Structures are given as C-alpha cells and as structure tokens.
Amino acid sequence: MDPETRQALFGYALRLGDTSLVLGHRLSEWCGHAPELEEDIALTNVALDLVGHARLLLAYAGEVEGEGRDEDRLAYRRDVLDYRNHLLAEQPNRDFGHTIVRQFLHDAWAVELYDRLAGSTDAGLAGIAAKAVKEVRYHVRHSGDWLIRLGDGTDVSHTRMRDALERLWPCTGEMFERDSAEDRLVAAGIAPDPAELRAAWNARVAAVLAEATLERPADGWMQKGGRRGEHSEHLGYLLAEMQFLPRAYPDAVW
Amino acid sequence: MPDAAISDVVGCWGPEPGADATVKAAWTALDGVMDPEIPVLSVVELGIVRSVARAASGRLEVMVTPTYSGCPATGVILLEVETALARAGLDARVSAVIAPPWTTDWISDSGRARLAEVGIVPPPRSGKRALTAPDEAVACPLCGSADTSQISRFGSTACKALHRCNACLEPFDVFKCH
C-alpha cells in the first residue's frame, strides 16, 4: 500500500472508530436513567456494541498508522481537536425521544455503510464491517420501532420527536461528505461511495419517517466540521469524563 | 444479492480426523471451559473455537472468535481458555480472530440441547437471516404454549432477548439468531 493510501485508510478508520466511541459513550450515560428497565438494558447493550466496534476500528487504525498507538492510546490520549467523529454522535442525550432520533439517524447510516464496507478490498475493514453489520441491523430495527411508536404516538411525543428531528437534521449532511482522502479510498474499492450511501440512507429514513407520521426536514444549511476536528462545545465535556481516569493515572494497569 | 456479511463457513466442534494426540487433548481441555455468562455451554459448543493447529515450532495455535463486538465476557473467555490449556500442560498461543464473523449457526446440537434444558430458547439455524427477519413466534420453554410475546429485544446478556408466555405468564430468555 502506498503511503498516501495508508494515511487515508488511517484517517478513515479513525473517523469511524471515533464516531462509534463517542456515540457509545453518549448512550452509556443512560445507564440507570432510562425511562424503563428494558430500555435501560437496550440502550446500554447498543452502547456496548458501539464501544466494541470502536475498539476494533481504533485498534486497526493504530495498526495501519504503524506508530505503536493501540486503541486505548487513541481513545484516551487525544484531545477534542484530534477527534474525528460526526457531530451527530456528540450531541447530548436531552430526552429519550431526542436520543432515539439521534440513534436512528446514525443507525440508518451505519447499516448502509457496514453492509457495503463488508465487501471492501481492504481485508481489515471488511472483517470489522462484516461483524458490525449484523449488530447495527438489530440496532436500526430498535431505534426505528421507537421512532415510529413515539412519532405516531401522543401529541406530546409527536411534538418532541418533530423538534428533535429539526434540531438534529443539520448534523446529518456531514455523514455523506467526501474529501480527497476518501476519493482515493473509493477509487481503490476500500470505502463505499458516500453518494451511494446517501441515496440508501434517504430511502430508509423516508420510509420510517412516513410511518412515524413525521415530516422529513428540508436539506438546508448543514453543520459540518466534526470529521476535521471542529466540534461543538459538547464533546469536550464528554471526553473530560471519559478520559479522566487514564489521564489522572497514566499507564496504570490492573 | 449475496450477503457479504454472512459467510458460508460452518461450525467446528472438535479435532479433525487424524489430528494428533496433543491437538485432541487441547479440544478436550477447551470443552471444559464454560461461557461465563451462560455457564451450561462450553466454548466449544458455543462454536467460538475456530481452530487448533500445530505451528512448525510444535506450539499449538488456538483461534477464538468473539460473539458480539460488545460482549464484555470476551476478555475473560480468552483468559480462561489460556488457563485451561496451561493446566492441561499444553504450550499454546491463543488469538482472537473476527473474520469470518461468529454466527449462532455455529452453536452445536449439544449446545442447543443444553440451552433448552435450562429454559433458554435456542436460536433457529437460520444465520443467513440473522437479526433481520421479523421476530418469529417461539414456543414457551416451560409449558410449550405457542402463545408468547416479546417483552424486549435486549435481555440480560447481549446474546438474548426477553419473551413472555401468555399462557403460563412466565418470562423466558430467547437466544437471538445472530
């Protein structure tokens, strides 16, 4: 693999790993606080899967980079500006409905992504994606069902879902951005074409929103920057909590 | 469209015919390692031991495939596998491999029988539709009634969902098809 492709692959795995890690951590904040016991277990189960995907992706990123950084080093010893996750993932939980909308918008992207990435010419990414896609298929059914139930629910639940959708929609454009590094990966058959992902995501989201009696927001101005390290104010607080222990006791082992 | 995520690789639950005594001993030792979350199943019955082979050095190379990406028991399982092999006096290196991905189709027939015995409905052998098919009707493992409903897709461990019998009113676990 030439150095440019290797660098692009490192960046790609890092973005996917960071997005899984940050969203997994966000979901874990529901542990002990979800509206009912079953949902408490469900959200934390999804969180565990996402953190599992993050471990695989970040370990692989470190291996591709070849500078001796393992998944823990990448997760715990980078600051906000070095994180490459989607802005959607770092948005706060707010209420349960808001969490579900965030999760569904992400899951609908993840399932289309991993489905295609499982056929990547890069064996490392293909292996991770083949494993992850089975799990995210289950996630998207769960978040989609809740979206329908709450969207097509009471006036209060419908209004909350509509507001959450309006609030989060500007974070979705970033999922389909493409830069020169990705051009290289798409050309090599390593990464799927974001335009193809967008079409599949649109179809899936439209079908579920229709059933949820929710109107799809217009694709207006989109908030971007997460993939380049430009984050909202929320990520710093998340990392401060997530990284506290390894920062306070560097290199501690037990 | 073929599903790239689902492989045709089949389960393996013991040494290949003609394997040497050391490899056989390793499989025997591994069959004594129980899954920490479902302790009626050995790691062999669970189908996560992918291969036991002899390296040129004579050392055993044991490949283990994790179940769920987020399964918190994976680390413990690998440790217990290493311990069991060491206790059996075998020089082995244990590695985790993720491809091809584990599927519930790799749970052996004896493993399925053990799950049923403790009241956990075993997953159907239909990995090609893993986690995508509509939730199927399952019979109550306690009274046999077909009148059951799903309470939650997520149960006490990543691999199980929670159901309830509408006849005898008892809740029960279902091993998800993965």
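Quick notes on this one:
- Filtering B:ALA113, B:ALA137 for residues that are over 17 Å from the mean Cα position of the chain (by Cα), away from chain A (no Cβ under 14 Å) and either surrounded by fewer than 17 Cβ atoms within 10 Å (Cβ to Cβ) or not β-branched (Val, Ile, Thr) (or both) leaves a single hit, B:ALA137.
- Of all residues in segment B:84-104 being more than 14 Å from chain A (Cβ to nearest Cβ) and in contact (Cβ under 8 Å) with a residue 40 or more places away in the chain, the one that is most open to solvent (accessible area, probe 1.4 Å): B:ARG87
- Residue within segment A:240-249 that is in contact (Cβ under 8 Å) with a residue 60 or more places away in the chain and within 29 Å of A:ALA130 (Cβ to Cβ) present: yes
- Some residue of segment B:165-178 being open to solvent by less than 70 Å² (accessible area, probe 1.4 Å), in contact with a helix residue (DSSP H, G or I) (Cβ under 8 Å, 6 or more places away or on another chain) and over 28 Å from A:GLY127 (Cβ atoms): no
- For segment B:12-34, the tally of residues that are touching a residue at least 40 places away in the same chain (Cβ under 8 Å), open to solvent by 40 Å² or more (accessible area, probe 1.4 Å) and in contact with a helix residue (DSSP H, G or I) (Cβ under 7 Å, 6 or more places away or on another chain) stands at 2.
- One residue alone among A:GLU65, A:GLU71, A:GLU39 is in contact (Cβ under 8 Å) with a residue 12 or more places away in the chain, on the phi < 0 side of the Ramachandran plot and in contact with a strand residue (DSSP E or B) (Cβ under 9 Å, 6 or more places away or on another chain), and that residue is A:GLU39.
- Criterion: at negative phi and out of contact with any strand residue (DSSP E or B) (no Cβ under 9 Å at 6 or more places or on another chain) - qualifying residue of A:GLY144, A:GLY189: A:GLY144
- Helices (runs of 4 or more DSSP H) completely within segment A:43-122 that count 2 or more residues being within 14 Å of chain B (Cβ to nearest Cβ), open to solvent by 10 Å² or more (accessible area, probe 1.4 Å) and closer than 20 Å to B:THR74 by Cβ: A:71-76
- Check on A:GLY153, farther than 23 Å from A:LEU23 by Cα, within 14 Å of chain B (Cβ to nearest Cβ), surrounded by fewer than 18 Cβ atoms within 10 Å (Cβ to Cβ) and of a type outside the set (S, T, N, Q): no
- A:THR121 being closer than 19 Å to A:PRO35 by Cβ and of a type in the set (Val, Ile, Thr): no
The values are calculated or read from the model by the stated rules, or taken from the named source; none is laboratory data. Treat the numbers as computed from the prediction; the structure is a model and nothing was measured. Because the Cβ atoms are built from the backbone with ideal geometry, glycine has one as well, and the counts that use them run over all protein chains shown. Note: areas computed on protein heavy atoms with side chains; ligands, DNA, RNA excluded. Shrake-Rupley method; radii C 1.70, N 1.55, O 1.52, S 1.80 Å.
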